[in-house]
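Read the structure below first, then the notes.
The values are calculated or read from the model by the stated rules, or taken from the named source; none is laboratory data. Nothing here was measured: the structure is a model prediction, and the numbers come from that model. Using ideal geometry, Cβ is built from the backbone for each residue, glycine included, and neighbour counts are taken over all protein chains shown.
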Amino acid sequence: MDGEIATITLARPDKRNAQTFATWSALARIGESLPEQVRVVVVKGEGPSFSAGIDLRMFTPEGVPGQGSFSSAARSDGADFEQRIRQAQAGFLWLRRPEIVSIAAVQGHAIGAGFQLALACDLRIVADDVSFCMKEPALGLVPDLTGTKPLVELVGLAKAIDICLTARTVHADEAMRIGLAERVVAGGDLDQAVREKVTQLLSTNRDAAVATKRLLQGARARTLEEQSVAEGIEQAARIKALFG
Ligand code: CAA
């Protein structure tokens with residue numbers, strides 16, 4: 001925590017920040033207990049990779065100690081496992097709250113759950129060595145950590161199908177071109193680039209930023225007429241707060 005800025009660091013660089021159920025419940029707990037003053041949340045990974053995705057021990061019969069494995073889950077009631085997935089997704093969903101802007105600082109590999117964690121954030125600032133890969137379909141799985149909707153919204157359906165169903169790698173140039181990344185910088189400049197974006201984001205009025213994000217998030221689901229009405233409602237509340 002640093003005033004209005006919270007930074008979450010995946011800190012298992014020796015295992016390329018592979019994620020487990022414990023990672024996802026820790027993320028959910030951070031979301032639940034985020035202090036009200038926080039306006040910007042930065043998600044980053046220590047070491048050469050942002051995150052190599054799910055901990056591959058989940059696919060072994062032994063699993064991750066204390067957290068089971070997919071083979072034990074396969075034997076359990078389907079509804080139980082769906083519930084576990086919902087809990088894991090809770091670690092990602094809060095990053096879209098209107099009260100905050102979330103930024104993923106992504107270097108190296110962002111594979112599977114790592115790609116989806118980057119997609120869970122509002123903005124992605126990436127190093128020039130970034131490689132995004134939605135590996136799940138190659139492993140017989142689907143991306144289920146909330147990544148499919150933001151991916152389609154960012155790059156369009158055709159490109160999302162291409163990226164996911166080939167499980168190919170998207171490098172920095174393409175990420176920038178198709179709207180996956182807001183900015184590409186040299187690896188050594190990533191922290192500075194994120195700091196600059198945080199400063200810009202903190203330069204606007206807090207309540208106006210929250211209301212504007214809420215409007216932007218609702219825009220796709222509304223008609224132009226409905227969106228105009230929503231703008232009017234938000235603006236009336238702003239004017240009342242500022243001059244009332
Ligand atoms: N799970 C567990 N351990 C992992 C890991 C993972 N996903 N990724 C890397 N590691 C470990 C390696 O086993 C290795 O450990 P040791 O030093 O003990 O041998 C260490 O991290 C370093 O890995 P590499 O030597 O392979 O590092 P690299 O820089 O040469 O390669 C990499 C990095 C390309 C990411 C490579 O490690 C890799 O391909 N990892 C697996 C990626 C993967 O398939 N992830 C699953 C995605 S699907 C998903 O996430 C599913 C879902 O949400 C449902």
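Mind checking which pairs have a first residue in region 106-128 that is farther than 18 Å from L154 by Cβ and a second that is part of a loop (DSSP other than H, G, I, E, B) and small (G, A, S), Cβ under 8 Å, 6 or more apart or different chains? Hits for this filter: Q107/S49; G108/G47; G108/S49; H109/S49; H109/A52; A127/G108; A127/A186; D128/A186. Residue count for region 7-28 satisfying the condition of being under 24 Å from R195 (Cβ atoms) and in contact with a Pro (Cβ under 9 Å, 6 or more places away or on another chain): 1. Put simply, of P48, P61, P35 the only residue that is in contact with a helix residue (DSSP H, G or I) (Cβ under 6 Å, 6 or more places away or on another chain) and outside any strand (DSSP E or B) is P61.
Inspection of region 88-98 finds a residue satisfying the criterion of being part of a helix (DSSP H, G or I), of a type in the set (F, W, Y) and away from the ligand (no atom under 11 Å from the Cβ). Filtered by the rule that a residue be touching a strand residue (DSSP E or B) at 6+ places or on another chain (Cβ under 7 Å) and part of a loop (DSSP other than H, G, I, E, B), region 1-17 gives E4, R16, N17.
Only strands (runs of 3 or more DSSP E) whose full extent lies in region 105-183 are considered here, and the ones with at least 2 residues that are over 24 Å from A74 (Cα atoms), assigned by the TED database to the domain that holds R12 and within 11 Å of the ligand (Cβ to nearest atom) are 109-111, 131-133. Close contacts from region 46-74, counting a first residue that is near the ligand (Cβ under 9 Å from one of its atoms) and a second that is at pLDDT below 90 and of a type in the set (A, V, I, L, M, F, W, C), with Cβ to Cβ under 7 Å and a gap of 6+ residues or different chains, come to M58/F70; F59/F70.
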